[in-house]
Amino acid sequence: MHDELAKTVRITARAMARHGFVHAYGHCSARIDEHSFLVAPPKPLGLVRPGEACTVVPIDGALPEGVLGEVRIHREIYRRRPDIGGVVRAMPPNAMFLASMMRAPKPRHGFGAYFWPEPPLWRSPQLLRDDQQAAALAEQMGNAPAILMRGNGTIVVGATQQQAAVLTFYFEDMCRHELAALAVSQFAQTLTADEAAERATWTGGTLERMWSFLTAGDPEAREKFL
């Protein structure tokens, strides 16, 4: 049951590790329906094995035994946002550095357009391992596709698990550009609302090409995007 969705979660897990967005820490999940979601095994995502079981987590209920405590963040996001089908919790290096500076990146290039006007910044450096904090983060995130967490990395969401993975790549590249812009701030520009709205497109195979890039070589990856 849910075999194809679990496969997508596992592929995402290994892709995030392969591209340096997670290490020993990080997790990803995909919505099953309005009542539950699947989360990757509670281990370093790069070590998730082909065919390894993911865990079903109720959206309105306690975390199952063995599920990582921060997965309650996923639960709170799914509870509030029926449009969200996938969540990635990552620690990309450029995002981590910006977060330590308490600075949210600005939309300065194409990938940044998806996060206009800028992602919210969660200011506590503590791990989120209780329901109240997880709910507060989800509330602050609102309808944004990502939130930057001081000292803790990122939460990125998408309509699907694939989109959440692709947006994690985009967000880290946005943070990389922000750090570069700090060195030449007198020349750095940001996109206008109209420019960002036009550029933040998923047409023309945009999602599919990046997903193929992220998952190339994975033992469970499909040749064709589904």
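The values are calculated or read from the model by the stated rules, or taken from the named source; none is laboratory data. Keep in mind that what you see is a predicted model, and the values were worked out from it rather than measured. Using ideal geometry, Cβ is built from the backbone for each residue, glycine included, and neighbour counts are taken over all protein chains shown.
A few comments on the model shown:
- Pairs, first at positive phi in region 136-155, second in a strand (DSSP E or B), C-beta under 6 Å, six or more apart: G153/A90
- Hey, A90 at pLDDT 95 or above and buried (at least 22 other Cβ atoms within 10 Å of the Cβ) or not: yes
- Against the test of being crowded, with 21+ Cβ neighbours inside 10 Å, modelled with pLDDT under 95, farther than 23 Å from L207 by Cβ and not aromatic (F, W, Y), the options A138, A99 yield a single qualifying residue, A99.
- Among the conditions (1) buried (at least 21 other Cβ atoms within 10 Å of the Cβ); (2) part of a helix (DSSP H, G or I), the only one that V156 does not satisfy is (2).
- For G217: the one exception among (1) farther than 24 Å from M149 by Cβ; (2) under 17 Å from the mean Cα position of the chain (by Cα): (2)
- Some residue of region 2-17 being closer than 18 Å to Q162 by Cα, part of a loop (DSSP other than H, G, I, E, B), modelled with pLDDT under 95 and not polar (S, T, N, Q): yes
- Residues located in region 155-188, provided they are at pLDDT below 95 and more than 19 Å from N94 (Cα to Cα): Q186, F187
- Hits in region 159-204 - residues which are part of a loop (DSSP other than H, G, I, E, B) and under 20 Å from the mean Cα position of the chain (by Cα): A159, T160, A200, T201, W202
- Taken over region 142-153, the criterion of being closer than 21 Å to I59 by Cβ and assigned to a loop (DSSP other than H, G, I, E, B) is satisfied by G142, N143, A144, P145.
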